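Scroll down for the structure; my scribbles are underneath it.
The values are calculated or read from the model by the stated rules, or taken from the named source; none is laboratory data. Everything numeric here is computed off the predicted structure, so don't read it as measured data. Here the Cβ positions follow ideal geometry from the backbone for every residue, glycine too, while neighbour counts run over all protein chains shown. Accessible surface areas use protein heavy atoms only, side chains included; no ligands, DNA or RNA. Shrake-Rupley method; radii C 1.70, N 1.55, O 1.52, S 1.80 Å.
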Amino acid sequence: MKSRHSVNRAGKRSGPVSSHANYVTPKKALGQHFLTDMSVSQRIADLLSGHAGIDGVPYKHVLEIGPGTGVLTQFLLKDSRFQLDVVEIDTESVTYLKRNVPELNGHIIEGDFLQMDPTQLYGDSAAPFAVIGNFPYNISSQIFFKVLEMREQVPEVVGMLQREVAQRLASGPGSRDYGILSVFLQAWYDVKYEFTVGPEVFNPPPKVHSGVISCRRNSRTDLGCDERKFTNVVKHGFNQRRKTLRNALKPLGITEAAAASPFMDKRAEQLSVADFVELTLLMERG
């Protein structure tokens, strides 16, 4: 994305333009902070690897969420490996893209990603596609929950979000940042914190730093336990994360097998994904 002034580290700067169709006003309600740095945009685009999903089929479709005025978009369009579609809720941004990025003709979806069924975009509902974007801070976690619903068709995600959230998603057991979404995402993806982005390269500058993460689908096809039970165990464990799991999981009804487990004397943040799977199996035994 870019700002009205298009500033980059090379020092090139174009003044604000007067035509309404040639600039987009960042909207606080949409959590818009337009990226202005070309080198950062290039680094983000370069993180798309073409990673094949569990079926071994490389993706060719890429869906960018919230392209704004297309600063990241321009680098994605240059990658001949992929066919790019963008989804944008801001009508002003849509108008700008239609006027200024003709390569996107027929590939702009105006709407809310969280309310969409992107699996229907490509004709074949099983066609794999990657997700990328400078995600609005206020819906970044919801975007990843949405991705998890589509995990069989999304082999790769590259996203920029608030640094603390990015660190949380990439953190492992034993970290204070490790939480519910960390476990859910890492159950199905290999998550890596890539780099930090300062507030000075955005318009308007956010009050916090941003972080870029990459997520590549792992080889897991099944948790090996009841997924709904697994979800409940993880949520209850972290909802009272200062308590041991013996106390935090009481509302679920602890089985004898689970009660005898050493997991019960630990806190949720100390358990890996594999540990939570094992604990869920114990909680399923009568």
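Against the conditions (1) outside any strand (DSSP E or B); (2) free of Cβ contacts under 8 Å to residues at least 60 places away in the same chain, Phe276 satisfies every one except (2). Set side by side, the residues Phe263, Phe230, Phe238 differ, and just one is modelled with pLDDT of 95 or more and either outside any helix (DSSP H, G or I) or under 16 Å from Arg176 (Cα atoms) (or both), which is Phe238. The single condition from (1) modelled with pLDDT of 75 or more; (2) closer than 24 Å to Glu110 by Cα that Ser3 fails is (1).
Answer yes or no: is there a residue in the range 47-57 that is of a type in the set (Gly, Ala, Ser), under 22 Å from Lys192 (Cα atoms), without any contact (Cβ under 8 Å) to a residue 24 or more places away in the chain and assigned to a loop (DSSP other than H, G, I, E, B). Within the range 47-57, one or more residues are of a type in the set (Gly, Ala, Ser), under 22 Å from Lys192 (Cα atoms), without any contact (Cβ under 8 Å) to a residue 24 or more places away in the chain and assigned to a loop (DSSP other than H, G, I, E, B). The residue that is nearest to Phe113 (Cα to Cα), counting only those in the range 131-184 that are open to solvent by 30 Å² or more (accessible area, probe 1.4 Å) and acidic (Asp, Glu), is Glu149. Checked across the range 102-112, the condition of being open to solvent by 60 Å² or more (accessible area, probe 1.4 Å) and touching a Gly at 6+ places or on another chain (Cβ under 7 Å) holds for no residue.
Here Gln115 meets each of (1) open to solvent by 60 Å² or more (accessible area, probe 1.4 Å); (2) in contact with a strand residue (DSSP E or B) (Cβ under 7 Å, 6 or more places away or on another chain); (3) modelled with pLDDT of 90 or more; (4) over 25 Å from Val201 (Cα atoms) with one exception, condition (2). Given the range 70-184, what helices (runs of 4 or more DSSP H) lie entirely inside it while holding 1 or more residues that are over 17 Å from Cys215 (Cβ atoms) and of a type in the set (Ser, Thr, Tyr)? Fully inside the range 70-184 and qualifying: 71-77, 91-100. Given the options Leu77, Leu72, name the one that is open to solvent by 50 Å² or more (accessible area, probe 1.4 Å) and at pLDDT 95 or above. None of the other options fit; the residue is Leu77. Going through (1) part of a helix (DSSP H, G or I); (2) touching an Asp or Glu at 6+ places or on another chain (Cβ under 7 Å); (3) open to solvent by less than 60 Å² (accessible area, probe 1.4 Å) one by one, Arg246 falls short only on (3). The set of residues in the range 185-212 being in a loop (DSSP other than H, G, I, E, B) and open to solvent by less than 60 Å² (accessible area, probe 1.4 Å) consists of Gly198, Pro204, Pro206, Val208.
Only one entry of Cys215, Cys225 meets the criterion of being in contact with a helix residue (DSSP H, G or I) (Cβ under 8 Å, 6 or more places away or on another chain), buried (at least 18 other Cβ atoms within 10 Å of the Cβ) and in a loop (DSSP other than H, G, I, E, B), and that entry is Cys225.
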